[in-house]
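The values are calculated or read from the model by the stated rules, or taken from the named source; none is laboratory data. As the structure is a computational prediction, the values presented were derived from the model and not from experiment. FYI the Cβ positions are ideal-geometry reconstructions off the backbone, even for glycines, and counts take in every protein chain you see. Accessible surface areas use protein heavy atoms only, side chains included; no ligands, DNA or RNA. Shrake-Rupley method; radii C 1.70, N 1.55, O 1.52, S 1.80 Å.
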Amino acid sequence: MRISLIAAALVALPLLAACGSDDDKAPAVTAAEVSKALQDGGLKDTKLADCAAKIYVDEGISQDGLRLMIKNDAKAASATDPESMGMTSGDAEKARSATNKIVGECLK
């Protein structure tokens, strides 16, 4: 169980690394899109990915921040800190908080 918890946190963080879009007219990022990005990033447990995605969206991360999370590029694999990946400090703090909630709520 602990391994799953750690794996979920480690899989989610690299997804925060990519460059985002400044396009204000882009459609809103949904929990389903975040879940798919988590699964595409290596999280094979669909239920866990859905739970994590819902928490990321509910945490109030901005649309630009969520776009950063679902954007997948080669740099994402080595990233560990959301703020160093291009997120605002507010979104980075929300992402860290969400990750902590995921550990407590999704891996029961």
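The set of residues from region 43-71 being over 15 Å from residue 101 (Cα atoms) and in contact with a Ser or Thr (Cβ under 6 Å, 6 or more places away or on another chain) comprises just one member, 67. Report yes if some residue within region 90-104 is open to solvent by 40 Å² or more (accessible area, probe 1.4 Å), within 20 Å of residue 40 (Cα to Cα), modelled with pLDDT of 90 or more and among the hydrophobic types (A, V, I, L, M, F, W, C); otherwise report no. Yes. Helices (runs of 4 or more DSSP H) fully within region 16-74 that include at least 3 residues being closer than 21 Å to residue 90 by Cα and at pLDDT below 90: 63-70.
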